[in-house]
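Worksheet: the structure to be examined is printed underneath.
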Amino acid sequence: MRVVVLTGAGISAESGVPTFRDADGLWEGHRVEDVATPEAFERDPDTVHRFYDARRAHLSTVEPNAAHRALAGLERDGRHRLLVVTQNVDDLHERAGSRDVVHMHGELLSARCLACDGRFRSDAPLVDRPRCPGCGERALRPDIVWFGELPYELDRIQSALERADLFVSIGTSGAVYPAAGFVSAARAYGARTVELNLEPSHGTDLFHDARHGPAGTVVPSWAAGLTPTG
Ligand code: BJW
Ligand code: ZN
């Protein structure tokens, strides 16, 4: 089977990475909608840099959990062709061993240059305004897709959804588009659709099947029960 897995902040919650829209989803009193926009960055780049610098630094203190590992195991055992499309900007899927991962909202460990448009691996705090390794300008911004910007690799995601036999959504509230629309697209193209989330998401009725509980429990149990036909 061709399986497309969409993940969101909930899959990393048990690793200690805060989600966006749960009780602790505020950062120094800011809603994500107020920090994660190009306008916020233009208005107050230091605040936005500090938000992402803090989250980048926090990454080195967290580890993948059983849900990340279960997905990596499914890809490794080779019975299914798995593509993980993550909205997350952490690197926990890769550290668990997943190889085929699309970071549609960018990555904390990458920086983008506003002068030359290059993208570079970087774990340096950007509030210090390091030089771009490509052009030397001090014009780096977080390589993050903010509200109003186009997510990465939408063409690849679209063709994976067209061919998918199974679409699984894990740990996402279904509040942010275009990711929230993938379930309807996958369904329209003929995939079976499954939601694995702590609680019913905004789009829960769009799924054929839903299992609710913490990802660290629900994902390994779903993966263990996955048959050759889903
Ligand atoms: C657990 C758990 C546990 C907890 N186990 N589960 C009006 C209508 C429709 C659309 C729009 C509109 N106005 C504007 C738009 C478009 C806009 C949008 O969707 N806005 C909404 C607010 C309405 N979208 C955009 O602007 C996007 N770009 C775009 O649309 O371009 C144009 C275009 C695209 C395609 C075709 C044509 C045109 C860009 C969106 C960028 C999102 N960026 C962010 C921040 C950057 C990353 C970062 O800083 O980290 O990405 S926002 C934030 O939300 C982050 C996330 O990736 C994203 C999704 O959040 P997620 O992952 O779902 O987290 P939560 O917290 O919401 O949910 C966690 C879930 O886990 C909950 O359900 C919990 O219950 C659960 N959970 N613990 C399992 N242990
Ligand atoms: Zn540059």
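The values are calculated or read from the model by the stated rules, or taken from the named source; none is laboratory data. Note that the structure is predicted; figures quoted are calculated from it, not measured. When we count neighbours, we look across all protein chains shown, and the Cβ atoms used for this are built from the backbone with ideal geometry, even at glycine. The accessibility values were calculated without ligands, DNA or RNA, using every heavy atom of the protein model including side chains. Shrake-Rupley method; radii C 1.70, N 1.55, O 1.52, S 1.80 Å.
Step by step: first the residues of the range 150-159, then only those that are among the aliphatic types (A, V, I, L, M) and open to solvent by less than 70 Å² (accessible area, probe 1.4 Å), then the one that is nearest to ligand 2 (Cβ to nearest atom). Which residue is that?
So the first thing to find is which residues in the range 150-159 are among the aliphatic types (A, V, I, L, M), and the list is 150, 154, 157.
Subsequent filtering for residues that are open to solvent by less than 70 Å² (accessible area, probe 1.4 Å) retains 154, 157.
On the way: Leu154: 24, Ile157: 27 Å.
Across the range 150-159, the extreme among qualifying residues is Leu154.
Report, ordered by the first and then the second residue, all pairs with beta carbons closer than 9 Å, sequence separation of six or more or different chains, a first member in the range 195-211 that is touching a residue at least 24 places away in the same chain (Cβ under 8 Å), and a second member that is assigned to a strand (DSSP E or B) and among the aromatic types (Phe, Trp, Tyr).
As it stands, the answer is Phe207/Phe167, since those pairs meet every condition given.
Within the range 170-209, take every residue that is of a type in the set (S, T, N, Q) and within 20 Å of Ser221 (Cα to Cα) and give me the one that is nearest to ligand 2 (Cβ to nearest atom). Write out each step before concluding.
Pass one, the range 170-209, residues of a type in the set (S, T, N, Q): 172-173, 184, 193, 197, 201, 204.
Keeping just the survivors that are within 20 Å of Ser221 (Cα to Cα) gives 172, 193, 197, 201, 204.
On the way: Thr172: 33, Thr193: 41, Asn197: 39, Ser201: 38, Thr204: 43 Å.
Of everything passing the filter in the range 170-209, Thr172 is nearest to ligand 2 (Cβ to nearest atom).
Filter the range 189-212 for residues that are among the aliphatic types (A, V, I, L, M) and buried (at least 21 other Cβ atoms within 10 Å of the Cβ) and give the result. Before you say what the answer is, go through the steps one by one.
First, the residues of the range 189-212 that are among the aliphatic types (A, V, I, L, M): 191, 194, 196, 198, 206, 210.
If the condition is that a residue be among the aliphatic types (A, V, I, L, M) and buried (at least 21 other Cβ atoms within 10 Å of the Cβ), then Ala191, Val194, Leu196 are the ones that fit.
For the range 85-109, name all the residues that are outside any loop (DSSP other than H, G, I, E, B), charged (D, E, K, R) and open to solvent by less than 60 Å² (accessible area, probe 1.4 Å).
First, pick out the residues of the range 85-109 that are outside any loop (DSSP other than H, G, I, E, B): 85-86, 92-96, 101-103, 106-109.
Pick out the ones that are also charged (D, E, K, R) and you get 94-95, 107.
Matches in the range 85-109: Glu107 only.
Can you find a residue that is open to solvent by 80 Å² or more (accessible area, probe 1.4 Å), touching a residue at least 40 places away in the same chain (Cβ under 8 Å) and more than 27 Å from Ala66 (Cβ to Cβ) anywhere in the range 160-176? Spell out how you get there, then give the answer.
Going through the range 160-176, the residues open to solvent by 80 Å² or more (accessible area, probe 1.4 Å) turn out to be 162-163.
From what is left, the residues that are touching a residue at least 40 places away in the same chain (Cβ under 8 Å) are 163.
Those still in the list that are more than 27 Å from Ala66 (Cβ to Cβ) too: 163.
Yes: the range 160-176 contains one or more residues that are open to solvent by 80 Å² or more (accessible area, probe 1.4 Å), touching a residue at least 40 places away in the same chain (Cβ under 8 Å) and more than 27 Å from Ala66 (Cβ to Cβ).
Collect the residues in the range 110-149 that are outside any loop (DSSP other than H, G, I, E, B), touching a helix residue (DSSP H, G or I) at 6+ places or on another chain (Cβ under 9 Å) and open to solvent by 40 Å² or more (accessible area, probe 1.4 Å), keeping them in residue-number order. Reasoning before the result, please.
Applying the first criterion (outside any loop (DSSP other than H, G, I, E, B)) to the range 110-149 yields 110-113, 119-121, 126-128, 140-144.
Going one step further and asking which of them are touching a helix residue (DSSP H, G or I) at 6+ places or on another chain (Cβ under 9 Å), we end up with 111, 126-128, 140-142, 144.
Listed by number, the residues that qualify are Val127, Asp128.
Identify all residues within the range 97-113 that are under 12 Å from Ile157 (Cα atoms) and among the hydrophobic types (A, V, I, L, M, F, W, C); write none if there are none.
Val101, Val102, Met104
Given the residues Arg50, Arg21, Arg79, which is the only one that is touching a residue at least 60 places away in the same chain (Cβ under 8 Å), more than 27 Å from Phe207 (Cα to Cα) and open to solvent by 30 Å² or more (accessible area, probe 1.4 Å)?
On the way: Arg21 fails: more than 27 Å from Phe207 (Cα to Cα); Arg79 fails: more than 27 Å from Phe207 (Cα to Cα).
From the options Arg50, Arg21, Arg79, the qualifying one is Arg50.
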